[in-house]
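K.L.:
Got a structure for you, questions after.
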Amino acid sequence: MRPDEVTQIADAIMAAGITSIEVPLNSPDPLDSIARLVKHSGDRALIGAGTVLTPDDVAGVAGAGGQLIVSPDCNPAVIDATKAAGLQSFPGVLTPTEAFTALRHGADGLKFFPGNLVGEAGLKAMMAVLPQGTQTFAVGGAAPDNFADWIAAGATGFGIGSGLYQAGFDAEEVGKRAAAIVSAFDALVAV
């Protein structure tokens, strides 16, 4: 993806009202994209990385100016490094044990991943024991057509990947998808 495409797609996402953007570290030139987006977006969005697996990854993201670390797993070393760097931490969890481990290490929120394995019923059961006010994000299997079920179960937000962007999508396509996602979410939380 050309550098101008990165910023055009980010502009489309931000124009729709999405204010947290993660660049997966397994994408081409992720740290360059993060640095470019941080500079471009200013205070309009929280920019960071997804698929963060090691403390060294955290250091790279921090060096690029990122503010957000999203992981597919609950790795206390990654959470600790994230918090030590002054960044926000959203580790992936699947079980209550992982959720409490993440929170004990200072996670700012929990990424329930893969969401389709946890399911709405699983999230609802865990919400009965998680501290009140815990930020919970359904990722993997969450989409506008089932946002209502996830929110009823306790999700406070969603992580949308391929439903928002896939290689080959231009800014117009991403903007349309982002607008539909935000509209569906806003309709539910405004009630």
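K.L.:
Whether any residue in segment 77-99 is of a type outside the set (D, E, K, R), over 25 Å from ASN146 (Cα atoms) and in contact with a Lys or Arg (Cβ under 8 Å, 6 or more places away or on another chain) is what I want to check.
P.N.:
Yes, segment 77-99 contains a residue that is of a type outside the set (D, E, K, R), over 25 Å from ASN146 (Cα atoms) and in contact with a Lys or Arg (Cβ under 8 Å, 6 or more places away or on another chain).
K.L.:
Being more than 13 Å from the chain's Cα centre (by Cα) and open to solvent by 70 Å² or more (accessible area, probe 1.4 Å) narrows it down to one residue among ALA152, ALA81, ALA64; which is it?
P.N.:
That would be ALA152, the only listed residue that is more than 13 Å from the chain's Cα centre (by Cα) and open to solvent by 70 Å² or more (accessible area, probe 1.4 Å).
K.L.:
Regarding ALA12, is this residue modelled with pLDDT of 95 or more and either farther than 21 Å from GLY161 by Cα or assigned to a strand (DSSP E or B) (or both)?
P.N.:
Judged against the criteria, ALA12 is not a match.
K.L.:
Just one of (1) farther than 27 Å from GLU172 by Cβ; (2) exposed (fewer than 15 other Cβ atoms within 10 Å of the Cβ); (3) of a type in the set (Val, Ile, Thr) trips up THR19, so point out which.
P.N.:
(1)
K.L.:
Conditions first: (1) modelled with pLDDT under 95; (2) open to solvent by less than 60 Å² (accessible area, probe 1.4 Å). GLY157 passes all but one, so which condition is the exception?
P.N.:
With respect to (1) modelled with pLDDT under 95; (2) open to solvent by less than 60 Å² (accessible area, probe 1.4 Å), GLY157 is out only on (1).
K.L.:
Restricting attention to segment 160-191, report how many residues are within 18 Å of TRP150 (Cα to Cα) and either in contact with a strand residue (DSSP E or B) (Cβ under 9 Å, 6 or more places away or on another chain) or in a helix (DSSP H, G or I) (or both).
P.N.:
12
K.L.:
Residues that are closer than 21 Å to ALA107 by Cβ and part of a helix (DSSP H, G or I): does segment 16-23 have at least one?
P.N.:
For segment 16-23, residues closer than 21 Å to ALA107 by Cβ and part of a helix (DSSP H, G or I): absent.
The values are calculated or read from the model by the stated rules, or taken from the named source; none is laboratory data. The structure presented is a predicted model; accordingly, all values stated were derived computationally and were not measured. Using ideal geometry, Cβ is built from the backbone for each residue, glycine included, and neighbour counts are taken over all protein chains shown. For accessibility, only protein heavy atoms count, side chains too; no ligands or nucleic acids. Shrake-Rupley method; radii C 1.70, N 1.55, O 1.52, S 1.80 Å.
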